[in-house]
């Protein structure tokens, strides 16, 4: 992406933000910036993309996507992180796809997702395959796909997810096991 293209996208994104939404989003980003950086760093490290994108750039890109998308209600910290996890997933998957396109389909490099949320997953997991499996899962069970996004891409704990979704931790644990089993099946196919 050229600097001019990036500047145009930035201008377009900033032009779409209304003042109230911008203020709320700015406040949320300012308040949660250190946590977002930790999550972004874990996503980059876990996907093997550290050499391609800096943590700060990933956080700033996520801000631009959040700001240029439909207005979000930043009701509380957990809702903000739930939505941010979806945006981080999108950015990481786009970056993986871009790298594969550059390789013109040569040897596909498998990347490791190093996170407690991935327990039970094979050590080497293809990010794009996980994304495709999540898309399949969202068609079967949208709530499970959202849970996986929050846990896997957003780094949220079961307690945080339970609070964000308004369910018990036991429900989240049971649904996580179900989602993980379905996801493993979908990734293997």
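Readers should treat all values here as calculations from the given coordinates under stated rules, not as data from a laboratory. Since the structure is predicted, the reported quantities are computational estimates derived from the model, not experimental observations. Here the Cβ positions follow ideal geometry from the backbone for every residue, glycine too, while neighbour counts run over all protein chains shown.
Set the Förster radius R0 to 41 Å, insert the Cβ-Cβ distance between residue 100 and residue 168 as r into 1/(1 + (r/R0)^6), and round the FRET efficiency to 0.05.
0.55
What's the FRET efficiency of residue 54 with residue 90 using the Cβ-Cβ distance as r and R₀ = 25 Å, to the nearest 0.05?
After rounding to 0.05, the efficiency reads 0.90.
Order these by the 10 Å Cβ neighbour count, fewest first: 49, 44.
49, 44
Working out 0.36 nm times the residue gap between residue 26 and residue 129, then minus their Cα-Cα distance, what length gain in nm do you get to one decimal?
This chain segment gains 33.8 nm when fully extended.
Can you put 156, 150, 53 in order, fewest other beta carbons within 10 Å first?
Starting with the residue having the fewest Cβ neighbours, the order is 53, 156, 150.
Extension gain residue 140-residue 35, at 0.36 nm per residue separation less the Cα-Cα distance, in nm?
34.7 nm is the gain from fully extending residue 140 to residue 35.
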